[in-house]
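Novice: This structure is in structure tokens; I'll ask about it shortly.
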């Protein structure tokens, strides 16, 4: 049986501030630079969602990409698009909204929502055209 990966790209705009409340303003500015601006700043994010599974002999799909778009919209985009990640997204509460932290939380939202036989294998979150973070899921260790 052939296992194939398919990718859907979506985009959203969101504001955030990289900031640790247990640090001084000076320390936050030293570590996070302009991203620690108390008046926030925003990005036009692009998210690549890759899933894998067997090709259905009836449809020829691993997963209907419209269905994947709907899952991403329902589980992620409705919460983050044109929102402040620090103050308006409940599943980011208490988390410094770096791109690294955001992509892990997005994974946690999407992975359990996929149909049987389809698994999430890769997310790439582009914060800018030059900066992106890739996540392939939690690592498992064996002893």
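Coordinate-derived values only; no laboratory data. From a predicted model like this one, the values you see are computed outputs, not experimental measurements. No Cβ is skipped: glycine too gets one built from the backbone with ideal geometry, and neighbour counts run over all protein chains shown.
Novice: Please compute, for the alpha-carbon atoms of the chain, the extent along each of the three principal axes and give them in descending order in Å.
Specialist: Between the extreme Cα coordinates on each principal axis of the chain lie 59, 42, 28 Å.
Novice: Give the Debye-formula value of log10 I(q)/I(0) at each listed q (0.19, 0.23 Å⁻¹), with one equal scatterer per alpha carbon of segment 55-138, two decimals each.
Specialist: Log10 I(q)/I(0), no solvent term: -0.92, -1.22.
Novice: Given the convex hull over the Cα atoms of segment 25-72, what projected area results after averaging over all orientations, in nm²?
Specialist: 5.6
Novice: What shape does segment 89-138 take by its C-alpha gyration tensor, where a ≥ b ≥ c are the square roots of the eigenvalues and a/c under 1.5 counts as rounded, a/b above b/c as prolate, and the rest as oblate?
Specialist: Taking the square roots of the gyration eigenvalues as a ≥ b ≥ c, segment 89-138 is oblate.
Novice: Between the helical axis of 99-110 and the dominant principal axis of the chain, each derived from Cα atoms, what acute angle in degrees is found, rounded to the nearest 10?
Specialist: Roughly 40 degrees, rounded to the nearest 10.
Novice: Now for a different question. Arrange the following residues from fewest to most other Cβ atoms within 10 Å of their Cβ: 107, 40.
Specialist: Least to most surrounded, the residues fall as 40, 107.
Novice: Counting only C-alpha contacts under 8 Å and six or more residues apart, can you give the relative contact order of segment 51-143 as a whole percent?
Specialist: Relative contact order, segment 51-143: 28 percent.
Novice: Then there is this: Hey, fewest Cβ within 10 Å first, where do 123, 85 land in order?
Specialist: 123, 85
Novice: Residues of segment 88-122 with amide nitrogen under 12 Å from the 7 Å Cα-to-Cβ point of residue 20?
Specialist: Once the point is set 7 Å along Cα→Cβ of residue 20, 96 turn out to lie under 12 Å by backbone N, inside segment 88-122.
Novice: For residue 95 and residue 111, calculate 0.36 nm times their separation in residues minus their Cα-Cα distance, and state this gained length in nm to one decimal.
Specialist: 3.8 nm
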